[in-house]
Amino acid sequence: YEFQKFTMPSLDGGTDKWSRHFLSIGARLSKRQGHYFHYDLSGETRTDGSNFGEFFVHANADLNLALWKDTLRLGLFGHIRNEQPAFYYEHYHGRNAWWDNEDYKKIFSTSIGAELKFKDTKLTVAVEDLQNYAYFAETTNVTTDNLILYGVGVRQSNKNLQVISAQLKHKFHYGIFNWDTELTYQTSSDQDVLPLPKFNVYSNFYIDFRIAKVLQTKLGVDVRYFTKYYGLAYSPIIGQYAVQDEATRIKV
């Protein structure tokens, strides 16, 4: 059982109050022992007494096989979620932003992926489908003095969004020298709603040693790189990141 209470300023100088009550029930089935096969399946549904639509199901499994004096690990994972957007997507009362909207549809998402790991190398691929995706978006207005006034609001996409990703991780270790690298490819079917860089690189080179056998020390350098895209803008009005307004957006 969960109880939520929210209080925000009202237009007449007083306060607006909301309270929510939820009852949740769920279950989990898992196998964690053993050398070869493990799985975890969990599900939950939530209701406020009038709406039984929110639920989620998460699942993952892995198969481990001995290969060349090491272990080859094949993992599968996925989820199905149907949930109402968070409270502050529906209500927000502030000095520079104000909205009330309880008509948002539930966000339905499905995801499936696979992971292959051998020694210090891991490859992960995943596909996700999003319906009724809700997000913060910047708004801009140009005054007669050519000043740009920034605002922010909530939008909900009426399209199905797909996100495809593939990531390769490798860790190299020799003595005190270490080199960790991550290469990620990802694409979104609608860059205006869910912008993502096509390609990301993260590389970290460092030495790991102990001083006087007690003080663990790491010294190194890392680098991050991603291809150009319309990155999210930070909105200080709500303290959150938001999609840039198309009229004034710039690539990062």
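The values are calculated or read from the model by the stated rules, or taken from the named source; none is laboratory data. Fair warning: this is a prediction, and the values are worked out from it, not measured in the lab. With ideal geometry, Cβ positions are generated from the backbone for all residues, glycine too; neighbour counts draw on all protein chains shown. Ligands, DNA and RNA are stripped out before the accessible areas are found, and what is left, the full protein with its side chains, is counted by its heavy atoms. Shrake-Rupley method; radii C 1.70, N 1.55, O 1.52, S 1.80 Å.
Numbers below:
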| quantity | calculated |
| --- | --- |
| The chain, dipole about Cα centre (Lys/Arg Cβ +1, Asp/Glu Cβ -1), debye to the nearest 20 | 1240 debye |
| Segment 107-252, Cα convex hull volume normalised per residue, Å³ | 169 Å³ |
| Apportionment of accessible area to carbon and sulfur, segment 66-154, percent (1.4 Å) | 55 percent |
| Cα lying deepest toward the dipole's positive end in the chain, options Ile211, Asn96, Leu41, charges on Cβ | Ile211 |
| Options Thr140, Ser109, Gln156, ranked by Cα towards positive dipole end of the chain, top entry (Cβ charges) | Ser109 |
| Charge tally in the Cβ shell below 11 Å around Ser24, where Lys, Arg are +1 and Asp, Glu are -1, Ser24 excluded | -3 |
| Formal net charge of residues neighbouring Phe77 (Cβ-Cβ distance under 12 Å; K, R +1; D, E -1) | -4 |
| Segment Trp68-Phe22, length gained on full extension (0.36 nm per residue, minus Cα span) | 11.4 nm |
| Hydrodynamic radius (Kirkwood) for segment 103-147, which is based on Cα pairs only, to one decimal in Å | 15.1 Å |
| Where only C-alpha atoms are counted, convex hull volume of segment 70-152 per residue in Å³ | 173 Å³ |
| Whole-angstrom Cα spans of the chain along principal axes, big to small | 71, 51, 42 |
| For Tyr229, net neighbour charge (Lys/Arg +1, Asp/Glu -1) across residues whose Cβ lies under 13 Å away | +2 |
| 30 Å Cα-Cα threshold exceeded, pairs from Lys105/Lys228; Lys69/Lys169; Lys106/Lys228; Lys31/Lys106 | Lys105/Lys228; Lys106/Lys228; Lys31/Lys106 |
| Prolate/oblate/rounded call for segment 1-81, Cα gyration tensor, a/c under 1.5 rounded | prolate |
| Cα-based equivalent ellipsoid, segment 165-228: semi-axes from gyration tensor eigenvalues, Å | 34, 11, 8 |
| All lysines inside 29 Å of Lys213 as judged from Cα atoms, apart from same-chain residues fewer than 8 positions distant | Lys119, Lys171 |
| Rounded accessible area per residue of the chain, 1.4 Å, Å² | 67 Å² |
| Length added when fully stretched, Ala247-Thr144, from 0.36 nm per residue minus Cα-Cα | 35.4 nm |
| Whole-Å distance, taken between Cα centres, linking segment 59-90 and segment 15-41 | 14 Å |
